[in-house]
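Report on one structure; see the data block that follows.
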Amino acid sequence: MTFSHAAVFYNPDKPQNAPLAQKVCDFLRASGVAADLLSDLDRLSTHDLLISMGGDGTILRCARATAPKQIPIFGINCGTLGFLAAAEKDHLEQDLTALLQGKCVLHKRLMLAAQVENQTYYAFNDCVLRTDESRAFETRAVWNEAELPSYYGDGVIVASPTGSTAYSLAAGGPIIEPSVPVFTLTPVCPHSFYQRPLVIPAQGVLTLSPVLKTDSTKAFISLDGQKNVPVARGKSVVITRSPCDAQLLCLPERYFFAILHRKLHWGN
């Protein structure tokens with residue numbers, strides 16, 4: 001895979017990453033690749049590569065912006081965990097050289113589409129139904145027109161395979177290998193010992209309906225923990241597989257199980 005026009009993105013809320021992002025731009029230009037330094041993903045246009053400078057949160061933002069445009073992401077970890085990143089900032093030029101030499105593997109990752117009142121939003125990791133109050137509420141769930149037992153607790157996480165190692169895992173959900181086309185439903189602090197995470201096929205329609213007792217309680221669907229969309233009383237959220245996948249470029253040695261062991265200490 002070759003590239004002619006790259007975008008190098010850094011989070012404007014973390015300006016300390018700007019000098020390193022500029023260094024990446026300079027390296028790309030010296031290697032014959034046109035490069036634009038961006039702090040606003042709305043400026044993506046004819047780019048055929050996006051280099052994300054930041055942590056996992058930055059890659060989540062990039063994935064929602066690039067998936068509809070089918071632009072692959074090469075993540076350089078400038079944060080703490082860097083679970084989704086392809087490279088570390090300490091090996092910058094070495095890993096960028098490998099990228100330009102075509103040594104990276106392209107992974108397509110399933111994303112979620114959440115529809116709220118005829119408006120569709122995308123999420124890479126998860127969609128979380130919650131309220132603005134620290135109290136339990138009921139969530140009615142329907143999968144492909146089959147009613148599921150209601151959830152009663154602090155909320156429900158619907159995670160993609162990639163998102164299975166994020167909030168869902170912290171709430172007791174299973175680890176899903178990223179290529180498996182499924183959703184995971186993980187209840188948050190359920191008021192029952194018998195409510196456990198549920199894995200369902202991604203090819204289907206999931207409808208979640210919060211049951212709110214008062215008009216003062218507000219429900220939201222949280223997309224990757226970064227964007228909150230209100231869900232009006234009596235309304236539902238319809239979650240399906242997004243028509244577009246995120247595309248992550250990765251060095252061969254950073255395969256899923258190696259990163260799971262190195263970053264999350266799985267198997268220790």
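The values are calculated or read from the model by the stated rules, or taken from the named source; none is laboratory data. Note that the structure is a prediction, hence the values are computed from the model and not measured. Cβ sites come from the backbone with ideal geometry, for glycine too, and all protein chains shown count toward neighbours.
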>> Just the residues that are over 22 Å from A159 (Cα atoms) and touching a residue at least 12 places away in the same chain (Cβ under 8 Å), please, taken from region 98-132.
In response: A98, L99, L100, G102, K103, C104, V105
> Any idea which residue in region 12-58 is farthest from P72 (Cα to Cα), counting only those that are touching a residue at least 40 places away in the same chain (Cβ under 8 Å) and among the basic types (K, R)?
Replying inline: K14
> Applying the selection to region 163-174, what residues are surrounded by fewer than 24 Cβ atoms within 10 Å (Cβ to Cβ) and out of contact with any helix residue (DSSP H, G or I) (no Cβ under 7 Å at 6 or more places or on another chain)?
Replying inline: A166, Y167, L169, A170, A171, G172
>> Just to be sure I understand, how many residues within region 76-113 are in contact with a helix residue (DSSP H, G or I) (Cβ under 9 Å, 6 or more places away or on another chain), over 30 Å from L208 (Cβ atoms) and assigned to a strand (DSSP E or B)?
In response: 4
>> Being of a type outside the set (V, I, T), surrounded by 20 or more Cβ atoms within 10 Å (Cβ to Cβ) and farther than 16 Å from V8 by Cβ narrows it down to one residue among L99, L60, L50, L106; which is it?
In response: L60
> Given the structure, is L223 within 29 Å of L106 (Cα to Cα), touching a residue at least 60 places away in the same chain (Cβ under 8 Å) and not assigned by TED's automatic domain parsing to the domain that holds F137?
Replying inline: no
>> Between Q226, Q247, which is under 26 Å from A113 (Cβ atoms) and touching a Pro at 6+ places or on another chain (Cβ under 8 Å)?
In response: Q247
>> Cβ-Cβ under 9 Å, sequence separation 6+ or interchain: first residue in region 175-193 and assigned by TED's automatic domain parsing to the domain that holds T131 and surrounded by 16 or more Cβ atoms within 10 Å (Cβ to Cβ), partner polar (S, T, N, Q) and part of a strand (DSSP E or B). Which pairs?
In response: I176/T184; P187/T139
>> Please pick out the residue among V231, V237 that is under 21 Å from A136 (Cα atoms), crowded, with 18+ Cβ neighbours inside 10 Å, touching a Ser or Thr at 6+ places or on another chain (Cβ under 8 Å) and among the β-branched types (V, I, T).
In response: V237
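Matching residues to (1) of a type in the set (V, I, T); (2) more than 15 Å from G82 (Cβ to Cβ); (3) at pLDDT below 95:
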position: N11; (1), (2), (3): no, no, yes
position: L20; (1), (2), (3): no, no, yes
position: C25; (1), (2), (3): no, yes, no
position: V33; (1), (2), (3): yes, yes, no
position: S39; (1), (2), (3): no, yes, yes
position: H47; (1), (2), (3): no, yes, no
position: L60; (1), (2), (3): no, no, no
position: A63; (1), (2), (3): no, no, no
position: T66; (1), (2), (3): yes, yes, no
>> If I ask for residues that are touching a residue at least 40 places away in the same chain (Cβ under 8 Å), more than 24 Å from A113 (Cα to Cα) and surrounded by 23 or more Cβ atoms within 10 Å (Cβ to Cβ), which ones from region 63-81 would you list?
In response: I76
> Out of all the residues in region 202-219, is one or more among the hydroxyl-bearing types (S, T, Y), modelled with pLDDT of 90 or more and either in a loop (DSSP other than H, G, I, E, B) or within 26 Å of I76 (Cα to Cα) (or both)?
Replying inline: no
